[in-house]
Number of protein chains: 2
Amino acid sequence: MASSQEEVILLGVIGSPFLHRVQIALKLKGVEYKYLEDDLNNKSDLLLKYNPVYKMIPVFVHNEKPISESLVIVEYIDDTWKNNPILPDPYHRALARFWAKFIDDKCVAPAAKSVFIVDEKEKEKAKEELFEALNYLENELKGKFFGGDEFGFVDIAAVIIPIIQEIAGLQLFPSEKFPKLSKWSQDFYNHPLVNQVMPPKDQLFAYFKARAQSLAAKTKN
Amino acid sequence: MASSQEEVILLGVIGSPFLHRVQIALKLKGVEYKYLEDDLNNKSDLLLKYNPVYKMIPVFVHNEKPISESLVIVEYIDDTWKNNPILPDPYHRALARFWAKFIDDKCVAPAAKSVFIVDEKEKEKAKEELFEALNYLENELKGKFFGGDEFGFVDIAAVIIPIIQEIAGLQLFPSEKFPKLSKWSQDFYNHPLVNQVMPPKDQLFAYFKARAQSLAAKTKN
């Protein structure tokens, strides 16, 4: 395990699922850190310095060494603090990476669009895409969590799903259609380690509203 | 290290940069495998069985356990066969994952479009995007390879660049503009382990032409 003399800093914006992925991993490992809230409309010098490529949160800084991209950070945390492993043996680790990437590639964009797009036709198309992707996840869920009895890498990656559900309500994600995923979503969100990390609903909502407005403004320009 | 009693199968299509990533990793580790050429216009039952989500090559099958997605496969190979490490210590491993993801997210699509799109305006836009991304890689290249003195994960991920250069010629990728990347591209492609894996130019060209025609046909429908 890493020494207690070290400096761990996390830059984020409360409400961002990508930030909360990292916070859940740190909570699971019991790593103390200094949290710095950023402002996406007026990004801090630290954010621009530490993530010059994407200029996006979250950024994780361990003893002055910065790392970006939420899943890359979660893997780094698992590589560095060995207690409570997030990724299992090589084969199941490969499957976990496959499904985490699937969530980023196939669920994130249609989930965001399903909630925030105003055009009804586009919204419907995004919802169809999301349902198709969620169907794969529903079939993949074999135990209580994707990780088995305790949550792991895919659960952490999939935190976007209960967050979107929390904001959008159940119509986005009917439990008749996805019974296992709906139960997982509740179990994961209510897990003591996850629950301690998640902000209240109004803060989640405020983040998503601000991001949607910012994206809409960019599209108009 | 894994036992010599095992069965290692690789499904691919010669000319695919994603297949060649996996082949370079296997060559570096000295792993023997059975190669099965697939046909993207008439996909094999094995491909549909082993990668039901994307139905795409490459698929790696180790003792009947299938893994898809080229970078996930390369990590699995590195986790399973420990000689000649592809990924280094946790911090540099995180940086390598960051840049490999950057190549997939920011280089692959504009590189393909720069070569195959007919519309001049769109082609120019793709080229601009590609140059912006290559600029980051040019600045990131500190040694002979991204991995240092010997090649590693980012070099393997970036094999798409010399492949595209091989097909498109130098106009896509001028050495005055990207001197370090141009030298890397030659050094990596001519590395004995890489060179043994890469098919002749006409086979690369045939693959890309077929893919472009298939994509164009889909766009028209």
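The values are calculated or read from the model by the stated rules, or taken from the named source; none is laboratory data. Predicted model only: the values in this text are computed from it and were never measured. No Cβ is skipped: glycine too gets one built from the backbone with ideal geometry, and neighbour counts run over all protein chains shown. Only protein heavy atoms, including side chains, enter the accessible area calculation; ligands, DNA and RNA are left aside. Shrake-Rupley method; radii C 1.70, N 1.55, O 1.52, S 1.80 Å.
Is it the case, given these coordinates, that B:S214 is in a helix (DSSP H, G or I) and at pLDDT 90 or above? Please lay out each step first, then the result.
Details: in a helix (DSSP H, G or I): yes; at pLDDT 90 or above: no.
No: the conditions fail for B:S214.
Given the condition part of a loop (DSSP other than H, G, I, E, B) and under 14 Å from B:F153 (Cβ atoms), answer yes or no: does some residue in region B:101-115 qualify? If you could, list the steps in order and put the result at the bottom.
Step one: of region B:101-115, the residues part of a loop (DSSP other than H, G, I, E, B) are none.
Taking every residue of region B:101-115 in turn, none turns out to be part of a loop (DSSP other than H, G, I, E, B) and under 14 Å from B:F153 (Cβ atoms).
One residue stands out in region A:71-85 among those that are more than 7 Å from chain B (Cβ to nearest Cβ) and either among the aromatic types (F, W, Y) or open to solvent by less than 10 Å² (accessible area, probe 1.4 Å) (or both): the one that is farthest from A:E140 (Cα to Cα), namely A:W81. Residues in region B:182-211 that are in a loop (DSSP other than H, G, I, E, B) and free of Cβ contacts under 8 Å to residues at least 60 places away in the same chain: B:N190, B:H191, B:P200. As an exercise: evaluate B:S70 against (1) under 13 Å from the mean Cα position of the chain (by Cα); (2) more than 28 Å from B:Q213 (Cβ to Cβ); (3) hydroxyl-bearing (S, T, Y) and give the number of the one condition it does not meet. The failed condition is (2).
Scanning region A:145-162 for residues that are at pLDDT 95 or above and surrounded by fewer than 21 Cβ atoms within 10 Å (Cβ to Cβ) returns a single hit, A:F145. Restricting attention to region B:95-137 and to residues that are acidic (D, E) and more than 18 Å from the chain's Cα centre (by Cα), the residue that is nearest to the other protein chains (Cβ to nearest Cβ) turns out to be B:E132. When the test is whether a residue is surrounded by fewer than 17 Cβ atoms within 10 Å (Cβ to Cβ), modelled with pLDDT of 95 or more, of a type in the set (K, R) and farther than 18 Å from B:A206 by Cβ, B:K29 does not pass it.
Only one entry of A:I86, A:I9 meets the criterion of being assigned to a loop (DSSP other than H, G, I, E, B) and either assigned by TED's automatic domain parsing to the domain that holds A:A157 or touching a residue at least 24 places away in the same chain (Cβ under 8 Å) (or both), and that entry is A:I86. For region B:5-26, a tally of residues being open to solvent by 20 Å² or more (accessible area, probe 1.4 Å) and modelled with pLDDT of 95 or more returns 4. Scanning region A:32-70 for residues that are part of a strand (DSSP E or B) and open to solvent by less than 40 Å² (accessible area, probe 1.4 Å) gives A:V59, A:F60, A:V61, A:H62, A:P66, A:I67, A:S68. Residues in region A:91-100 that are surrounded by fewer than 18 Cβ atoms within 10 Å (Cβ to Cβ) and not aromatic (F, W, Y): A:H92 only.
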